[in-house]
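*Asks:* Take a look at this one; I'll ask things after.
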Amino acid sequence: MTLRWLRVVATCVLLLAGVGLRRAGAEDQARRVNVAAASDLKFALDELVEAFGRTAPGIAVTVTYGSSGTFFSQISNGAPFDMFLSADVDYPKRLAEAGLAAKDSVFPYAVGRIVLWVPATSRLPVERGLQVLASPDLRKIAIANPRHAPYGRAAEAALRTFGVYDAVKDRLVLGENIAQTAQFVQSGNADAGIIALSLALAPALAREGRYFEVPLESYPRLEQGGVILARASAPEAARRLRDFILSADGRATLKRYGFFLPSP
């Protein structure tokens, strides 16, 4: 074989290799789901993703947790997520109305609840409800930031319903999201906090604290919803993850973490 033909063969091999790498890269992308999720889902969704991995081993799921309002803003400005699991179904609906997701891709997946949570060593009688927060002995009370966290809006509404908001407003510390709010209390930077029941039931907090469930009628219903985004690079994989979350196994996991479940 002449030198010229050797060069031709080598060039063909490199071209074929490049095509193969591009195909492999596209296939990898099609099996990867990037999820933006409300932080109240941290423990429940971690468990769900692990279980999903056993049923769909070829799909890699990456979850970023944070405030639903912050994610709404980021996605509106082009953040590259495939799926959004919000603590407020209104955010996914607004994304669909803006053309950033198909309207028929919005799905309800849970109804959240809030609790008053304190460390196990606290002497605060949480069983008496939110009225105990008016005690001048409490230095700081943590809630999520109502400007962009649905759980923060629920906490503020409950404080107003029980007539203690004016007494505590100057002692409120605002978490960027509901997980950070729980961390404020867990770390001792706040004496008490109004957090998601799903976090209070998680092993990391359940063994460290006590809680009182805030009556549902004292705050707006926390309808949580998700959506598959129009720019999703892995829409089929995202649909499979959505179907798993809404499956009997997925709903059982959400129920264990204290979520109400919408009708299937």
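The values are calculated or read from the model by the stated rules, or taken from the named source; none is laboratory data. Since this is a predicted model, take the numbers as computed values, not measurements. Glycine gets a Cβ as well: all are built from the backbone with ideal geometry, and neighbour counts include every protein chain shown.
*Asks:* With the checklist (1) within 11 Å of residue 52 (Cβ to Cβ); (2) among the small types (Gly, Ala, Ser); (3) crowded, with 21+ Cβ neighbours inside 10 Å in hand, flag the one item residue 238 doesn't pass.
*Replies:* Condition not satisfied by residue 238: (1).
*Asks:* Of the residues in segment 55-86, how many are in a helix (DSSP H, G or I) and either among the small types (Gly, Ala, Ser) or modelled with pLDDT under 95 (or both)?
*Replies:* So the answer is 5.
*Asks:* Let me ask you something else. Given the conditions (1) closer than 17 Å to residue 65 by Cα; (2) in contact with a Leu (Cβ under 9 Å, 6 or more places away or on another chain), report the number of the one that residue 176 does not fulfil.
*Replies:* (2)
*Asks:* Look at residue 181 and say whether it is modelled with pLDDT of 95 or more, surrounded by fewer than 22 Cβ atoms within 10 Å (Cβ to Cβ), outside the structural domain of residue 86 (by TED's automatic domain parsing) and of a type outside the set (Asp, Glu). It would help to see each step written out before you state the result.
*Replies:* Numbers: modelled with pLDDT of 95 or more: yes; surrounded by fewer than 22 Cβ atoms within 10 Å (Cβ to Cβ): no; outside the structural domain of residue 86 (by TED's automatic domain parsing): yes; of a type outside the set (Asp, Glu): yes.
The answer is no for residue 181.
*Asks:* Take the residues in segment 196-245 that are assigned by TED's automatic domain parsing to the domain that holds residue 144, within 16 Å of the chain's Cα centre (by Cα) and not in a strand (DSSP E or B); name whichever of them is farthest from residue 119 (Cα to Cα).
*Replies:* Ranking the candidates gives 198 first.
*Asks:* Still on this structure, please answer the following. For segment 175-231, which residues satisfy the criterion of being among the β-branched types (Val, Ile, Thr) and either without any contact (Cβ under 8 Å) to a residue 12 or more places away in the chain or under 30 Å from residue 99 (Cβ atoms) (or both)?
*Replies:* 178, 227, 228
*Asks:* Of all residues in segment 112-154, which are under 19 Å from the mean Cα position of the chain (by Cα) and surrounded by fewer than 18 Cβ atoms within 10 Å (Cβ to Cβ)?
*Replies:* 146, 147
*Asks:* A follow-up question, please. Count, please, the residues in segment 195-228 that happen to be of a type in the set (Ser, Thr, Tyr) and surrounded by fewer than 15 Cβ atoms within 10 Å (Cβ to Cβ).
*Replies:* Adding up the residues that qualify gives 0.
*Asks:* Just one of (1) surrounded by 13 or more Cβ atoms within 10 Å (Cβ to Cβ); (2) at pLDDT 95 or above trips up residue 105, so point out which.
*Replies:* Residue 105 satisfies all of (1) surrounded by 13 or more Cβ atoms within 10 Å (Cβ to Cβ); (2) at pLDDT 95 or above except (2).
*Asks:* Then there's this: Here are some conditions: (1) of a type in the set (D, E, K, R); (2) farther than 23 Å from residue 202 by Cα; (3) not in a loop (DSSP other than H, G, I, E, B). Residue 139 meets all but one. Which one does it not meet?
*Replies:* Failed condition: (3).
*Asks:* Counting only residues that are of a type outside the set (A, V, I, L, M) and farther than 25 Å from residue 36 by Cβ, how many does segment 162-193 have?
*Replies:* Qualifying residue count for the region: 11.
*Asks:* May I pose another question? Failed condition for residue 122, given (1) closer than 30 Å to residue 240 by Cα; (2) touching a Lys or Arg at 6+ places or on another chain (Cβ under 9 Å), with all others met?
*Replies:* (1)
*Asks:* For the subset of segment 92-102 comprising residues that are in contact (Cβ under 8 Å) with a residue 40 or more places away in the chain and under 18 Å from residue 149 (Cα atoms), which member is surrounded by the fewest Cβ atoms within 10 Å (Cβ to Cβ)?
*Replies:* The residue in question is 93.
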